[in-house]
Amino acid sequence: MKLFIIKFLAVFMFFGISSVYAAEPSANSMHQEETYKAQPLGEMMQGFLDSTGVSALLNPSPDELNAHGHTMSDFHKTWGRVIMIIITFLLFYLAIAKGFEPLLLLPIGFGGLLANIPLAGIAGDDGFLGIIYHMGLANQLFPILIFMGVGAMTDFGPLLSNPKTALLGGAAQFGIFGTLVGAVALSQYTTIFDFTLKQASAISIIGGADGPTSIFIATNLAPELLGAIAVASYSYMAMVPIIQPPIMKALTTDAERKIKMTTLRHVSRLEKLIFPIMVLVLAILVLPDATPLIGAFMFGNFLKESGVVDRLSDTMQNALINIVTIFLGLAVGSKLAADQFLVADTLAILALGIVAFSVGTAAGVIMAKIMNLFPGHKINPLIGSAGVSAVPMAARVSNKVGMEYDRSNMLLMHAMGPNVAGVIGSAVAAGVLISLFK
Amino acid sequence: MDTNLVIEGAKFMLLGMGTVFLFLILLIVLMNAMSVIIHKFFPEPQTDLSASTVNSQKNHKTIVAAITAAITHHRQA
C-alpha cells in the first residue's frame with residue numbers, strides 16, 4: 001500500500017514538473033515566431049550555403065575578425081587555414097606513428113585544428129579554446145601546475161649522490177643565453193630578424209628544453225609569439241633522440257665515451273626530504289623571481305618524499321598533471337590559428353630554437369670535458385648533454401649513446417643528475433630573465 | 001633610442017649564466033654539507049642489513065658465479 005502511494009506521488013510529480021517545463025517552450029516559440037521572418041526556400045538555401053565551411057574558405061567574408069578582434073588578410077582566412085590544418089595532421093602523424101611526445105602534440109595539434117575552423121570562432125574569447133586559454137595560460141597557471149606534477153615525479157637521488165654533476169645542468173643553460181646574444185645581434189646588424197630584447201629572450205628559453213618554462217616565459221615576455229615558441233619547444237624536446245647524438249659524438253673521443261663512472265652511493269631518505277626545502281630556501285635568498293616555478297616544483301617533490309601523503313602525490317603525478325596537460329595542449333593549440341602562426345617570425349623562432357637547443361647540448365658536453373681536467377672521479381662527457389632539461393628523454397639518450405660504444409656501460413642514473421639539475425637551472429635562468437625585465 | 005642590443009644581450013648572458021652557476025654551486029656546497037651532517041648525526045639504521053649481507057655472502061658468490069657463467073655463455077654464442 002505504501003509503495004502504491006509513493007508510486008502515485010512520483011507519477012503525479014512527474015506530470016507536474018513536465019507540465020511546468022512544457023509551458024516554457026510554448027512561450028519561447030511564441031517569442032521566436034515574432035522575430036522569425038518567413039523566407040522563400042531559395043533564400044534559405046542560399047543563406048545555408050553561405051554558412052558552410054566550403055564557402056567560408058573559398059569566399060571569405062571581408063569583415064571576419066581573428067581571435068583578438070583584428071582584421072586578417074584573405075590568405076590567412078583561406079589557404080592559410082588549409083595549410084594549418086594540414087600541419088596539424090602532420091603533428092598527428094608525428095605523435096602517433098613516430099611517437100614524438102604524443103601526450104602534448106596530440107592536444108596541441110587538435111587544438112590547432114579546432115582553432116582554424118572558419119566561422120565557428122572556437123579560439124575567440126567566447127569559444128571554448130579561448131576560455132581555456134584565458135583560464136590558465138594567459139595567467140601562467142597551467143605551466144606552474146605542470147611543474148608541481150613534474151616535481152612529484154622527480155627523484156633527486158642521482159643528483160644528491162653525485163652533486164657536482166649539477167654543473168652540467170648549469171652549463172647547458174648557455175644554450176639560452178648564447179642564442180639570446182645571437183638573436184639580438186642578428187636583429188641589430190642584419191634584416192633577417194627583427195626581434196626586441198624581450199622577444200629574443202622568450203625565444204631563446206627554448207634552449208632550456210623545458211616546455212612549461214618556455215610557456216611561462218613566453219606568456220610573460222612575448223605572448224604574441226606563444227604558439228610558435230610552445231610548438232618549437234615541444235617538438236624539439238620530442239626530437240632529442242635525433243638532435244643530440246650527432247652533437248655528442250662530434251664533441252667526444254672514443255675513449256671519453258667509454259669512461260665508466262663510479263657507482264652511485266646510497267642516498268638516505270632524510271637527504272631527499274630536506275633537499276626540496278633547501279633548494280627553495282636558496283631560491284628565496286638568491287632569486288625570488290624564480291620561486292613560482294621552483295616553489296611549485298619543490299612542493300610536488302616534498303609531498304612525494306614526505307611519504308605520508310601518497311594520495312596527494314599520486315594525484316599530482318597522475319590525475320592533476322593529465323588534466324592540466326589536456327588543457328595546456330588545447331590552449332597552446334588555440335595559438336596555432338593561421339593568422340598568428342603563418343608569419344615570418346615563426347620560421348625564425350623554429351630556426352633559433354634548434355640553435356639554442358644544440359648550443360645547450362654542446363655546452364653540457366664541453367663542461368663535462370672541462371670538469372675532467374680537474375682531479376677526481378672522471379665524468380663520461382655523454383651525460384653532459386642531459387643537462388638540457390627534457391626529463392627523462394635526454395638522460396635516456398645519454399644512456400643509449402653510451403651503450404652503443406660499451407654495452408655494459410649504464411649511464412642512465414648518472415645522467416639523471418644533470419638532467420634534474422637542468423630543470424632547476426632553466427627555472428633559475430627563467431627567473432633571471434623575468435627579474436631583468438621588471 | 002640608440003642602445004646597442006648586442007651589448008645588452010651580452011650583459012644578460014653574463015648575469016644569467018653567473019646566477020645559474022652561483023645558484024648551482026651554492027646548491028652543490030649545501031648538498032655536500034648536508035650529506036656530511038646527515039651521515040654523521042642521523043645515520044640510517046643499517047644493522048640488520050649488514051647482518052643479512054654477512055649471512056648471505058656465500059649465497060651472493062654463487063649468484064655472481066651463475067651470472068658470470070651466463071654472460072660468458074652469451075658472449076660465446
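The values are calculated or read from the model by the stated rules, or taken from the named source; none is laboratory data. What you see is a predicted model, and the numbers here were worked out from it, not measured in a lab. In this analysis, Cβ positions are derived from the backbone assuming ideal geometry, glycine residues included, and neighbour counts consider all displayed protein chains. Surface areas here come from the heavy atoms of the whole protein model, side chains and all, with no ligands, DNA or RNA. Shrake-Rupley method; radii C 1.70, N 1.55, O 1.52, S 1.80 Å.
For every residue, the table says whether it meets (1) modelled with pLDDT of 90 or more; (2) surrounded by 13 or more Cβ atoms within 10 Å (Cβ to Cβ).
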site	(1), (2)
A:MET44	no, no
A:ASP63	no, no
A:ASN66	no, yes
A:ALA97	yes, no
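Look at (1) within 25 Å of the chain's Cα centre (by Cα); (2) among the hydroxyl-bearing types (Ser, Thr, Tyr); (3) within 14 Å of chain B (Cβ to nearest Cβ) and you find that A:SER408 fails only one, number (1).
Number of residues in the stretch A:193-215 that are assigned to a loop (DSSP other than H, G, I, E, B), within 11 Å of chain B (Cβ to nearest Cβ) and open to solvent by less than 10 Å² (accessible area, probe 1.4 Å) equals 1. Does A:ALA415 qualify as being farther than 18 Å from A:GLY151 by Cβ, surrounded by 24 or more Cβ atoms within 10 Å (Cβ to Cβ) and modelled with pLDDT under 95? Against the criterion (farther than 18 Å from A:GLY151 by Cβ, surrounded by 24 or more Cβ atoms within 10 Å (Cβ to Cβ) and modelled with pLDDT under 95), A:ALA415 qualifies. Scanning the stretch A:143-192 for residues that are open to solvent by 30 Å² or more (accessible area, probe 1.4 Å) and in a loop (DSSP other than H, G, I, E, B), which turns out nearest to the other protein chains (Cβ to nearest Cβ)? Top of the filtered list is A:ASN162.
Note on the stretch B:61-77: residues that are exposed (fewer than 10 other Cβ atoms within 10 Å of the Cβ) and of a type in the set (D, E, K, R) total 1.
Entry remark, the stretch A:71-93: residues being within 18 Å of A:ILE229 (Cα to Cα) and touching a helix residue (DSSP H, G or I) at 6+ places or on another chain (Cβ under 6 Å) number 3 in total.
Considering the stretch A:265-324, the qualifying helices (runs of 4 or more DSSP H), each wholly inside and each with 3 or more residues that are more than 12 Å from every other protein chain (Cβ to nearest Cβ) and in contact (Cβ under 8 Å) with a residue 60 or more places away in the chain, run over A:291-306. Residue selection: A:SER214 fails the criterion of being within 25 Å of A:MET410 (Cβ to Cβ) and free of Cβ contacts under 8 Å to residues at least 60 places away in the same chain. Each residue in the stretch A:46-57 was checked for being closer than 21 Å to A:LEU113 by Cβ and either open to solvent by less than 60 Å² (accessible area, probe 1.4 Å) or modelled with pLDDT under 85 (or both), and 5 of them qualify. Scanning the stretch A:115-126 for residues that are surrounded by fewer than 20 Cβ atoms within 10 Å (Cβ to Cβ) and either touching a Ser or Thr at 6+ places or on another chain (Cβ under 8 Å) or part of a helix (DSSP H, G or I) (or both) returns a single hit, A:LEU119. The residue pairs whose first member lies in the stretch A:69-90 and is open to solvent by 50 Å² or more (accessible area, probe 1.4 Å), whose second member is outside any helix (DSSP H, G or I), and whose beta carbons are closer than 6 Å, counting only pairs six or more residues apart or on different chains, are A:ASP74/A:PRO60.
Taking (1) within 13 Å of chain B (Cβ to nearest Cβ); (2) touching a Ser or Thr at 6+ places or on another chain (Cβ under 9 Å); (3) crowded, with 24+ Cβ neighbours inside 10 Å in turn, A:VAL365 satisfies each apart from (1). For the stretch A:341-353, indicate whether the set of residues that are hydrophobic (A, V, I, L, M, F, W, C), touching a residue at least 40 places away in the same chain (Cβ under 8 Å) and within 14 Å of chain B (Cβ to nearest Cβ) is non-empty. Yes, there is a match, as at least one residue in the stretch A:341-353 is hydrophobic (A, V, I, L, M, F, W, C), touching a residue at least 40 places away in the same chain (Cβ under 8 Å) and within 14 Å of chain B (Cβ to nearest Cβ).
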